[in-house]
Structure formats: C-alpha cells, structure tokens
Amino acid sequence: MTKAQFHPQRLHPRYGGLVNLASQVPGGLTVVCKTFGRFIFDQQLASSENPSAADLDAAEVAVCGFPRTGTTYLQEYASSALGAPERCWKNHDPFAIPTYSQAGLLTMIPLRDPVGTIASWSFYNNDPPSISRKRSRLLAYTAWHRAVQKYAKSPQVLFISFDSLPVLDDGLIDNVRQSNEGQSLSLQMQNFPSEIREELKAPYLDILNSNQLRHQLADAYQVFEQLSTEVVTMPDIDIAAAAAAAA
C-alpha cells in the first residue's frame, strides 16, 4: 500500500464530503487517502511535489499550505531571504510534514480564512458558480486544516498569517506569475488587475455567504480559528534564524 498523500488541488470535487468525514476520525484521513487515493485523486504528481533526498538535503525550509493561501508567494519570499530557490521546498500535502521534520526543515504553513481561500481557489480554477462545488471545496478545506492541527505546537512548524505576507518586489512578483502560468490553467485569470479579479469572484462570494452553506462554513471557520491561535506574522520572523533553530 502506498503512503498517504492529500493534494487538495487533485481531489475530485465529489469526494470533499468523504475526506471531511474521514478527517473527523483519528487516522481516518490517512486510511482514506491510502486506500482510495487512486480513485479520488489525480495521481500524476509533479516533480515539485515529490522531493528527492538531494532536494531535501539542499532545502532549509518547506512551505506546505492549502491552495490559494499564499504558498507560491511565501516560497518566493523565503527563497529570496535564504539566497537561493533550492533552499525552500513547496508542497500542498500535509502528510509530507513529518518527512520535512525528519530532514531538519522548518515547515511554514500559511493560513487564510475559508471564504477568501475558496473564492480565490474557485476563481483560479474557473469553477462553475454552484452550491455543490463550493460545498465540496469548503469540506476539503476543513479536512486539510484538521490534518495539520497536530502540528500546532511543533517547534519545527510555523503557522503564518496570510494577511501578514510582505509585499514582494517586481522580480519576485514576476516569479510568482511565471509559476502560476506554468500550471496550464483553463483561464489565465491570475494576470487580471486586482479590481477585476475581485469583481469576478463576486458569484463565488455570494454562494459562500448563502444560508445553504452556513454549517459547512461554520465548521471551516472553527478549525481556522483554532489554528489561528498559533499564528505568527511575517514581520516577526527571521526565516534564516528560524530555519537554523529547527534543523
């Protein structure tokens, strides 16, 4: 049996409820992802999601976050702070965190509120503006964040506030844009000006704030707020020093 992996960007929308239910049982999400992974996930992992021993040896920190919570942004910032891109590894799989810890890496997990995250994720993937799709996205969000709750007190893991991520210079912003464009999205919406992006998110925000999703949204906010008690802000972090302390 293969090891458990949970890449939410690969999860078929119909299985949001399954992973959320499994995440409420100790060890349940691990079992589901191991047993049914080839059915509920796209198994074509990119090389950037499967580090070699050499990759981990070269790295000093890892960024592990839910999609659209600032992972690429944080990766570029950390790489710049450490002086080289190979010193920061990025993944969306919470089951990879123990591997990072064993390799002596500091893992940084950006936290973004459920509504902002799911609206951005839906917009980024050109989702249909449907209740069912937003429900599934919220359930996946909740399951993923339950999976990282065990690391809330770990000295090798930092939860970073999305709202505190620094403004990148033009060169780093270009790197983020190139990374986004390299993912072969159905629509290259990430290049739209911010005011247009916000306007295009409106249908998703209307659904997320509708009465039909109040229970799913309440659960998502509950786990987000629990994790937020451990959150730190980027201005308070010396990445190089924190990485050295975690090694």
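Pairing residues of region 1-14 that are on the phi < 0 side of the Ramachandran plot with residues that are among the β-branched types (Val, Ile, Thr) and modelled with pLDDT of 90 or more, at Cβ distances under 7 Å and at least 6 apart in sequence or on separate chains, gives Ala4/Thr30; Leu11/Val19; Leu11/Ile40; His12/Ile40.
Among the residues of region 128-147, are any in contact with a Cys (Cβ under 9 Å, 6 or more places away or on another chain) and more than 27 Å from Asp206 (Cα to Cα)? The answer is no, given that none of the residues of region 128-147 is in contact with a Cys (Cβ under 9 Å, 6 or more places away or on another chain) and more than 27 Å from Asp206 (Cα to Cα). Annotation: Trp144 fulfils all but one of (1) modelled with pLDDT of 95 or more; (2) out of contact with any Phe, Trp or Tyr (no Cβ under 6 Å at 6 or more places or on another chain); (3) within 23 Å of Pro98 (Cα to Cα); the unmet one is (2). Taking helices (runs of 4 or more DSSP H) as the structural unit, those lying wholly within region 1-116 and holding at least 1 residues that are crowded, with 22+ Cβ neighbours inside 10 Å, of a type in the set (Gly, Ala, Ser) and at pLDDT 95 or above correspond to 16-23. Checked against the criterion of being surrounded by 20 or more Cβ atoms within 10 Å (Cβ to Cβ) and touching an Asp or Glu at 6+ places or on another chain (Cβ under 7 Å), region 120-134 has no qualifying residue.
Ile173: at pLDDT below 90, closer than 26 Å to Ser80 by Cβ and surrounded by 13 or more Cβ atoms within 10 Å (Cβ to Cβ), yes or no? So that I can check it myself, show each step before the final result.
On the way: at pLDDT below 90: yes; closer than 26 Å to Ser80 by Cβ: yes; surrounded by 13 or more Cβ atoms within 10 Å (Cβ to Cβ): yes.
For Ile173, the condition - at pLDDT below 90, closer than 26 Å to Ser80 by Cβ and surrounded by 13 or more Cβ atoms within 10 Å (Cβ to Cβ) - is met.
Mind checking whether some residue in region 78-86 is within 18 Å of the chain's Cα centre (by Cα) and without any contact (Cβ under 8 Å) to a residue 12 or more places away in the chain? Checked region 78-86: at least one residue is within 18 Å of the chain's Cα centre (by Cα) and without any contact (Cβ under 8 Å) to a residue 12 or more places away in the chain.
The values are calculated or read from the model by the stated rules, or taken from the named source; none is laboratory data. Note that this is a predicted model, so its numbers are computed, not measured. Quick reminder, even Gly has a Cβ in these numbers, built from the backbone with ideal geometry, and neighbours come from all protein chains shown.
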